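Below: one structure, written as structure tokens.
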Amino acid sequence: MKIRSFKLERYFARYEFSAKHIMSASDCESMTVAELMALGGDETMEAWKDLRLNYTEPKGHPDLLAGIADRYDGIGPENLITLVPEEGIFLAMNALLEQGDHVIALSPIYQSLLEIPRSIGCTVSEWPIVLEENRWKLDLKRLESLFKPETKLLVVNFPHNPTGFQPTKEEFRRILSLAEERGIWVFSDEMYRGLEPTAGLRLPSAAEIYPKAVSLSGLSKSYGLPGLRMGWLACTDHDLMEKVTCLRDYTTICGSAPSELLSIMALRCADDLMERCRKIVAENGVTAAEFFGKHEDLFRWIPPMAGSIGFPVLNGDFPAEDFFTHVVEKKSLMVLPGSVFGVDENHFRIGLGRKDFSKCCEILEEYLRERG
């Protein structure tokens, strides 16, 4: 297996734990183990004390699978496997694809959704989200033109990382219909599902409505619990899930017992956790609009439709990567340039899920004043 360096993760590795402030985090504000346990009461505290650090079941603890299934319509525990989210991408792609297959992937997108198919020997056509009149849009006719006889998989991600775009329910169903008409698999990255401003904007999970869809989700983004490293795949195709389970014997084999128990606790108060995250995102969205509105000469703000991130533009010819490298070196404020997503335009990603977002805006404001 030969695979290119992961630009986004290498950028985070360089600055995430050395910079004092992170303006581009994709996750929402985390909490302590004590805070999570307090939501579950005395019963969960006793369960934690009595936990044995044994190996766990390959697909996940039965109570964990049941808790995840409760978050879906028509998806049972038998349609799920728990794993680390990035592992889910790796295993699903290797279960689905072979050398010579053709893959269509939304663009820009999290790099592993492109690079893992390429490492398998697939050709990948990128389906770009386009910016028109300060709104991100999909070109469904462009998607139709990308299909080939050898197309095996369509990769989508909604709410979208990094733009914050969300299609309508009608658009989403049309995308799945185009795949279904051709018998093509769909990999649907749904890590930000649940971070819509209103419940009415939430899309169904692809796995709920299309038998050849694999949905990826987890606790990192919408629940604010990235340290648990808990994710899952949902799919109603038994044969594919069996392939993924067998491939996992060569990666992590099974999950972490402490992580599984804490995840069970989290899912019992899932609605409260997600509402907490949505509130933080909404408040920071107002702050972002105010900040970028004050600096329209320097930045172009494109309000995200859903999720915890946005993808504004640095105006002018000065490269965003150089600009924000200077910012992190001078002010210890990390901002992610769009170049790590392979975007030529001067975009950069911001995260709206952390409580210190207003402080990040203050630091960037201070930097701008100092630079005149």
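Arrange the residues 300, 268, 248 by how much accessible surface each exposes, largest first, with a 1.4 angstrom probe.
Ranking 300, 268, 248 by accessible area, largest first, yields 268, 300, 248.
Quick one: among 38, 320, 306, which has the greatest mean-square fluctuation in a GNM of the chain with alpha-carbon springs under 10 angstrom?
Taking springs between Cα atoms under 10 Å, the residue moving most is 38.
Starting from the amide H of residue 309, placed 1.01 Å from N in the peptide plane, find each other amide H under 5 Å away whose residue is 5 or more places distant or on another chain.
Result for residue 309 returns 352.
Of all beta bridges DSSP finds with both residues in the chain, what is the antiparallel percent, to the nearest 5?
45
I'd like the chymotrypsin sites (Phe, Trp or Tyr not before Pro) in the stretch 1-99 restricted to DSSP loop residues with at most 13 other Cβ atoms within 10 Å, sorted by number.
Filter output for the stretch 1-99: 17, 55.
Using the Karplus curve 6.51 cos²θ - 1.76 cosθ + 1.60 with θ = phi - 60°, work out ³J(HN,Hα) for each residue of the stretch 232-246 in order, rounded to whole Hz, and write x for Gly and Pro.
Values, residue by residue: 7, 10, 10, 6, 8, 8, 4, 4, 5, 5, 5, 4, 4, 4, 5 Hz.
Could you work out the local net charge near residue 256, counting Lys and Arg as +1, Asp and Glu as -1, over the other residues with Cβ closer than 13 Å to its Cβ?
-1
Whose amide H sits under 5 Å from the amide H of residue 229, counting only residues 5 or more places off or on another chain, with H placed in the peptide plane?
none
With only Lys, Arg, Asp and Glu charged, each at its Cβ (+1 for the first two, -1 for the last two), find how big the charge dipole of the chain is about the Cα centre; round to the nearest 20 debye.
560
Among rounded, prolate and oblate, which fits the stretch 167-266 when a ≥ b ≥ c are the square roots of the eigenvalues of its C-alpha gyration tensor, a/c under 1.5 means rounded, and a/b larger than b/c means prolate?
Note, shape of the stretch 167-266 comes out oblate.
What FRET efficiency do you get for residue 279 and residue 70 if R0 is 30 Å and r is their Cβ-Cβ distance, rounded to the nearest 0.05?
Result of the calculation: an efficiency of 0.85.
State, to one decimal in nm, how far the label point of residue 355 lies from the label point of residue 2, with both points 7 Å from Cα in the Cβ direction.
Inter-label distance under the simple model: 4.9 nm.
I'd like the Karplus ³J(HN,Hα) series for the stretch 118-125: coefficients 6.51, -1.76, 1.60, θ = phi - 60°, whole numbers in Hz, and an x wherever there's a Gly or Pro.
Residue by residue, the stretch 118-125 yields 5, 5, 6, x, 8, 8, 10, 9 Hz.
Only Cα pairs within less than 10 Å get springs; with that Gaussian network setup on the chain, which residue of 328, 286, 340 has the largest fluctuation?
Residue with maximal mean-square fluctuation among 328, 286, 340: 286.
Give the accessible area for residue 341 in Å² (nearest 10); use a 1.4 Å probe, count only protein heavy atoms, and leave out ligands, DNA and RNA.
About 20 Å², ignoring ligands and nucleic acids.
Compute the longest continuous run of the chain that contains no exposed GluC sites (Glu not before Pro); treat a site as exposed when its DSSP state is not H, G, I, E or B and it has at most 14 other Cβ atoms within 10 Å.
Answer from the scan: 151-295.
Heavy atoms only, probe 1.4 angstrom, no DNA, RNA or ligands counted: give me 269, 246 ranked by accessible area, highest first.
Greatest to least solvent exposure: 246, 269.
In whole Hz, with x marking every Gly and Pro, tabulate ³J(HN,Hα) for the stretch 264-277 from phi via Karplus 6.51 cos²θ - 1.76 cosθ + 1.60, θ = phi - 60°.
For the stretch 264-277, the Karplus curve yields 4, 4, 4, 5, 6, 10, 4, 4, 5, 5, 5, 5, 4, 5 Hz.
Would you look at the GNM of the chain, springs on alpha carbons closer than 10 Å, and say which of 223, 192, 110 moves the most?
110
Using amide H atoms built in the peptide plane, which far-off residues or other-chain residues are under 5 Å from residue 213 H to H?
186, 236
Rounded if a/c is under 1.5, else prolate if a/b beats b/c, else oblate: with a ≥ b ≥ c from the C-alpha gyration tensor eigenvalues square-rooted, which is the stretch 114-162?
In terms of gyration-tensor shape, oblate.
Considering Cα pairs under 8 angstrom that are at least six residues apart, work out the relative contact order of the chain and quote it in whole percent.
25
Quick test of your reading: applying the under-4.7 Å Cβ rule, which cysteines of the chain are isolated?
122, 235, 246, 254, 269, 360, 361
Rounded to the nearest 20 Debye, what is the dipole magnitude of the stretch 46-108 about its Cα centre when Lys and Arg each give +1 and Asp and Glu each give -1 at the C-beta?
Here the stretch 46-108 has a charge dipole of around 120 debye.
The values are calculated or read from the model by the stated rules, or taken from the named source; none is laboratory data. Just so you know, these numbers come straight off a predicted model, no measurement behind them. So basically every Cβ, Gly included, is an ideal-geometry build from the backbone, and we count neighbours across all protein chains shown. We work out accessible area using only protein heavy atoms, side chains counted, and drop any ligands, DNA or RNA first. Shrake-Rupley method; radii C 1.70, N 1.55, O 1.52, S 1.80 Å.
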